[in-house]
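The values are calculated or read from the model by the stated rules, or taken from the named source; none is laboratory data. Just so we're clear, the structure is a prediction, and the values are computed from it rather than from any experiment. As a convention, Cβ positions derive from the backbone with ideal geometry for all residues, glycine included, and neighbour counts pool all protein chains shown. With ligands, DNA and RNA removed, areas are computed over all heavy atoms of the protein, side chains included. Shrake-Rupley method; radii C 1.70, N 1.55, O 1.52, S 1.80 Å.
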Amino acid sequence: MAMLDATVMKLLRGEALDENDELCDFTLADQNEACVAKGVTPIGPSDYKPVTKSTVTYIVLVVLVNSEDEVLMMQEAKSTCAGQWYLPAGRVEPGENLHDAVKRECLEETGLEMELDTLLTVEAASKAWFRFIFTGNVTGGCLKTPAQADSESLQAKWIKNISEVTLRSNDIIPLIDCGRAFHKVVKHKVRNDWHHNLLPVIKPHKKLLLRLLICARQKTSGKLYVLMSEKTQAHFPMCEINHNRNLHSTLRKFMTEIFGADVALHKPHGVLSIEHCGQPEGSNDGLCLSLLVTFQKTLEEVFPIGKYSWMAVSTECSKLIAVRTIRNMTVPLKVIC
């Protein structure tokens with residue numbers, strides 16, 4: 001139990017786990033084989049490889065809020081939306097990690113240097129599209145003026161009331177609200193109302209992977225159990241993300257693979273960790289996203305199939321997992337259908 005607890009705690013802290021891509025329990029090849037067995041034509045190749053800005057798109061965006069509750073925004077220079085306002089954002093370049101990408105975009109578009117605090121939200125869509133929303137603090141630089149306009153942006157400003165400017169898209173309104181809420185929590189030092197600071201861990205992956213921390217409580221003892229895969233070595237269940245489907249579909253198919261077609265009602269709570277590297281360029285452009293999932297039914301009513309088994313965690317570990325099921329205690333995952 002001690003070793004399992006240590007691994008769970010590591011995941012809850014957002015740290016990288018000592019697991020490689022070969023431990024994947026449900027690869028694209030397995031998924032396609034399952035489709036064929038059911039007489040369904042697979043919708044994607046088994047040998048898909050994520051390549052940044054080619055077969056996978058990573059977007060970074062940052063919500064910076066100052067002491068006056070003003071939000072840092074930039075005025076677009078692109079011909080399709082010139083003059084409209086948006087948050088500092090852009091695509092991750094080949095060979096970049098997520099940390100460096102968001103700092104670069106902020107500097108290019110606003111003239112300001114920053115340090116990262118945490119992820120606020122992760123968004124995902126089909127066709128291997130991911131957007132990572134960060135927040136942090138300004139550490140230097142000079143606010144970009146109209147005289148410094150270039151192809152990246154026309155200028156940058158701290159804006160209190162975003163309704164006074166024309167937005168490129170309203171999709172940033174809930175992100176701004178989230179950023180302001182987070183900074184209010186930090187300002188009033190009530191961090192027990194929000195998840196701890198969580199940033200992507202720099203660890204290479206060649207595939208797009210979804211790792212699950214699946215939990216269920218035993219009715220007879222009240223103990224919390226987590227599901228483990230026993231493929232070659234014990235590890236949390238992990239599957240390859242089908243880039244032609246959204247993450248809801250990937251999760252549903254993987255849970256069905258583990259528990260059968262009549263899988264009990266379960267709830268994905270949010271992101272516990274993200275592992276990504278991006279180097280060397282074109283070789284490690286994958287990622288591993290860890291998600292917390294809990295069953296509403298008791299352990300006695302949930303039956304894994306085959307190579308999976310339930311393992312009990314300590315009371316302390318159980319309490320920490322329970323805390324993460326509370327609103328805002330994991331990084332929200334928004335799946336765009």
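Worth pointing out:
- Value of [θ]222 nm, deg cm²/dmol, for the chain, DSSP H segments ≥ 4, -39500 (n - 2.57) each, nearest 500: -6500 deg cm²/dmol
- Whole-Hz ³J(HN,Hα) from phi, Karplus 6.51 cos²θ - 1.76 cosθ + 1.60, for the stretch 46-62, glycine and proline x: 6, 9, 4, 10, x, 10, 4, 6, 10, 10, 9, 10, 10, 10, 10, 8, 10
- A probe of 1.4 angstrom, applied to the heavy atoms of all protein chains, finds E15 with accessible area near 70 square angstrom.
- Distant-in-sequence amide H partners of V201 (H built 1.01 Å from N, under 5 Å): I274, E275, H276
- Between 0 and 90 degrees, the angle of helix 173-187 with respect to the longest Cα principal axis of the chain falls at about 90 degrees.
- Degrees between helix 98-110 axis and first principal axis of the chain (Cα, 0 to 90, nearest 10): 20 degrees
- Each part reduced to its alpha carbon centroid, the stretch 301-326 and the stretch 96-155 end up 37 Å apart.
- Overall form of the stretch 1-129 per C-alpha gyration tensor (a/c, 1.5; a/b vs b/c): oblate
- Relative contact order %, the chain, counting alpha carbon pairs below 8 Å whose residues are six or more apart: 23 percent
- ³J(HN,Hα) computed for each position of the stretch 265-275 - Karplus, 6.51 cos²θ - 1.76 cosθ + 1.60, integer Hz, glycine/proline x: 4, 9, 10, x, 8, x, 8, 9, 7, 9, 10
- Applying the criteria of a DSSP loop state and at most 13 other Cβ atoms within 10 Å to the GluC sites (Glu not before Pro) of the stretch 47-96 yields E68.
- Pairwise centroid distance, computed over Cα atoms, of the stretch 238-283 with the stretch 3-42, Å: 8 Å
- On Cα atoms only, tilt of 2-12 relative to the major axis of the chain in degrees: 30 degrees
- Cleavage-rule hits, trypsin sites (Lys or Arg not before Pro), the stretch 1-63, DSSP coil, Cβ neighbours within 10 Å at most 14: R13, K38, K53
- In Å², nearest 10: area of C277 left accessible to a 1.4 Å probe: 20 Å²
- Ranking by accessible area, most exposed first, for V331, V201 with a 1.4 Å probe: V201, V331
- GNM on the chain, alpha-carbon springs under 10 angstrom: the most fluctuating residue among V51, V293, V323 is V323.
- Under 11 Å, Cβ to Cβ, from G95 - net charge with Lys/Arg +1 and Asp/Glu -1: -4
- Prolate/oblate/rounded label for the stretch 1-71 (Cα gyration tensor, a/c 1.5): oblate
- Under Karplus coefficients 6.51, -1.76 and 1.60, residue-wise ³J(HN,Hα) of the stretch 329-337 in Hz, glycine/proline x: 9, 10, 6, x, 10, 9, 9, 8, 8
- Across the protein chains, with a 1.4 Å probe defining accessible surface, the residues S314, S67, S273 rank S67, S314, S273 from largest area downward.
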